[in-house]
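These notes are about the structure you will find just below.
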Amino acid sequence: MNQSNLQVLEFSTTTTLTQAAATEVVQRAKAAIADHGTFLIALAGGSTPKSLYTLLKSEAWSHHILWSKVHLFGGDERHVPPDHPDSNYRMVQESLISKVPIPPENVHQIKAEGANAEQVAINYEQTLQRFFELSKGELPKFDLILLGMGADGHTSSLFPGTDALHEQQRLVRSN
């Protein structure tokens, strides 16, 4: 998207924001599935998107998405087991994945348990490279990437003042 297409929207309540975000996800999913047969979405972690995931799994919304054609990717993860209260995967699993008919093989989790953080990053980078069939230097092409923002301005575990902000070679970094 070039900057001339950038549109800033303001919402008076989190409810209207969540409904607008759900509408956008549904529209993008339908368009991607019609265009190339799948919808590839990178999910935000943390608390910001939880209400969106909860809305998308609701009866009123979930039937608008052909879940068998959706592939979910983690946008970031904390270095904790998937059942830990701080796990982004756990939040997405509880608020969305376990409530919609998405095939388990279409959920591409960042597997943070059982390895050091650097190995977790390498493993997930390899997952992305295999799925997207990337050559060296290529980037994955998602249909939609959801981002939240922490109180300190971080997004996708990219924290202000960290080396990860200057990464030019890797697809996935540990902090």
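Which of 66, 13, 100 sits farthest toward the positive end of the charge dipole of the chain, with +1 on the Cβ of Lys and Arg and -1 on the Cβ of Asp and Glu?
The residue sitting farthest along the positive end of the dipole is 66.
What dipole magnitude, in Debye to the nearest 20, does the chain give about its Cα centre under +1 on Lys/Arg Cβ and -1 on Asp/Glu Cβ?
340 debye
Nearest-5 percent of antiparallel DSSP beta bridges in the chain?
Rounded to the nearest five, the antiparallel share is 10 percent.
Would you work out the charge dipole size for the range 31-93 about its Cα centre, treating the Cβ of every Lys and Arg as +1 and the Cβ of every Asp and Glu as -1, and quote it to the nearest 20 debye?
80 debye
Keeping the other protein chains in place, figure out the carbon and sulfur percent of the accessible area of the range 29-116, with a 1.4 Å probe.
Roughly 54 percent, rounded to a whole number.
Along the charge dipole of the chain, which of 172, 54, 81 sits closest to the positive end, that is, farthest toward it, with unit charges on the beta carbon of Lys, Arg, Asp and Glu (+1, +1, -1, -1)?
So the residue we want is 54.
Can you work out ³J(HN,Hα) from phi for every residue in the range 146-153, in order, using Karplus 6.51 cos²θ - 1.76 cosθ + 1.60 and θ = phi - 60°, giving whole Hz and x for Gly and Pro?
8, 10, x, 9, x, 4, 8, x
Please identify the trypsin sites (Lys or Arg not before Pro) of the range 79-140 that satisfy two criteria: DSSP loop assignment and at most 15 other Cβ atoms within 10 Å. Which are they?
Here the trypsin sites (Lys or Arg not before Pro) that fit, given the DSSP loop and packing criteria, are 136.
Rounded to two decimal places and with Rh computed the Kirkwood way over Cα pairs, what is Rg over Rh for the chain?
Rg/Rh for the chain comes to 0.94.
Just to confirm, what accessible area per residue do you get for the chain at 1.4 Å probe, in whole Å²?
62 Å²
Going toward the positive end of the dipole of the range 19-175, with +1 on Lys and Arg Cβ and -1 on Asp and Glu Cβ, which of 117, 44, 144 do you reach last?
Farthest towards the positive pole: 144.
So how do 54, 14 rank on accessible area, 1.4 Å probe, biggest first, that is with the largest at the start?
14, 54
What length, rounded to one decimal in nm, is gained on full extension from residue 8 through to residue 98, with 0.36 nm per residue of separation minus their alpha-carbon distance?
Gain on extension, residue 8 to residue 98, equals 29.2 nm.
For the range 107-157, list log₁₀ I(q)/I(0) at each q in 0.15 Å⁻¹, using the Debye formula over Cα point scatterers of equal strength and ignoring solvent, two decimals each.
-0.56
The values are calculated or read from the model by the stated rules, or taken from the named source; none is laboratory data. Computed from a predicted model, the values in this text were never measured in an experiment. Neighbour counts are summed over all protein chains in view; Cβ atoms, including those assigned to glycine, are modelled from backbone coordinates with ideal geometry. In case anyone asks, the SASA skips ligands and DNA or RNA and just uses the protein heavy atoms, side chains included. Shrake-Rupley method; radii C 1.70, N 1.55, O 1.52, S 1.80 Å.
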